[in-house]
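The structure under discussion appears below in the form of structure tokens.
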Amino acid sequence: MDVNQKELAAILGITDRRVRQLKNEFGLFSKGLSGERKQKNYVLEKCVPEYINYKLEAEVQQGTSYNKEKEQAEHEQIKKKISILKLRKLKRELHEADDVEEFLTDMLVNFKNRLLSVPQKVAPLIVSEDDVNVILDILEREVFQALEELSEYDPLKIDKETTAQILEEIDEEEYEEESE
């Protein structure tokens, strides 16, 4: 079926100017030209599939480049976040959850044992005392010694990894990224 430029544009849902532009810039619809008359007519059966293929190729090219750029940007953001976390780990501002849990468990178990040993340790000291103030001082001193164990925070005790191990891990990861 032969159609003129205006009809082809209406069927494709574009302007007749766009039809001319596609024909001039991309060579579209040249195969679909009918040479029977002086007026330029287009063979509809050839032009529609040609336009559909053009649109599909444009979408595929635009979609892959867009997604690739988006993925690369997301990848770079993730790498940046990982680098920040590694830096905080090196500065001992960040610890592994398992290490913290183990450290706190040990610390609290030691504290519990220390508190439970207070009566046995203090009983011989206060058995002969008649002065309540002296007994309170002895008890208070032992409780404060037990509490001091809770106040001893050392980030080096929490981390099982040494700084050298963390740096070695980072170097290995950078080497793997470079070889990819």
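When the Cα positions of Ile158, Leu115, Val134 are compared along the charge dipole of the stretch 96-158, Val134 comes out farthest toward the positive end, with charges on each C-beta of Lys, Arg, Asp and Glu. For the stretch 44-126, GluC sites (Glu not before Pro) are listed when DSSP marks them as loop and at most 14 other Cβ atoms sit within 10 Å of their Cβ; the list is Glu93, Glu96.
So if we plug the beta-carbon distance of Ala10 and Ala73 into 1/(1 + (r/R0)^6) with R0 = 35 Å, what FRET efficiency do we get, rounded to 0.05? Once the sixth-power term is evaluated, E becomes 0.30.
Seen against the Cα atoms of the chain and their longest principal axis, helix 132-151 is set at about 30 degrees. Compared with the direct C-alpha span, the chain from Ile170 to Val60 gains 35.8 nm at full extension, assuming 0.36 nm per residue.
Treating each Cα of the chain as an identical point scatterer and summing with the Debye formula, the log10 of I(q)/I(0) at q = 0.10 Å⁻¹ comes to -0.72.
Placing dummy labels 7 Å off each Cα toward the beta-carbon, the span from Ile135 to Glu102 is 4.4 nm. Annotation: extensible slack from Val127 through Lys91 equals 7.9 nm (criterion: 0.36 nm per residue apart, minus Cα-Cα distance).
The string of couplings for the stretch 41-46 from the Karplus curve (6.51, -1.76, 1.60, θ = phi - 60°) is 10, 10, 7, 4, 4, 8 Hz, one whole number per residue in order, with x for Gly and Pro.
Taken together, the values in this text are just the output of simple stated rules run on the coordinates, not laboratory data. All of these numbers come straight from a predicted model, not from anything done at the bench. So basically every Cβ, Gly included, is an ideal-geometry build from the backbone, and we count neighbours across all protein chains shown.
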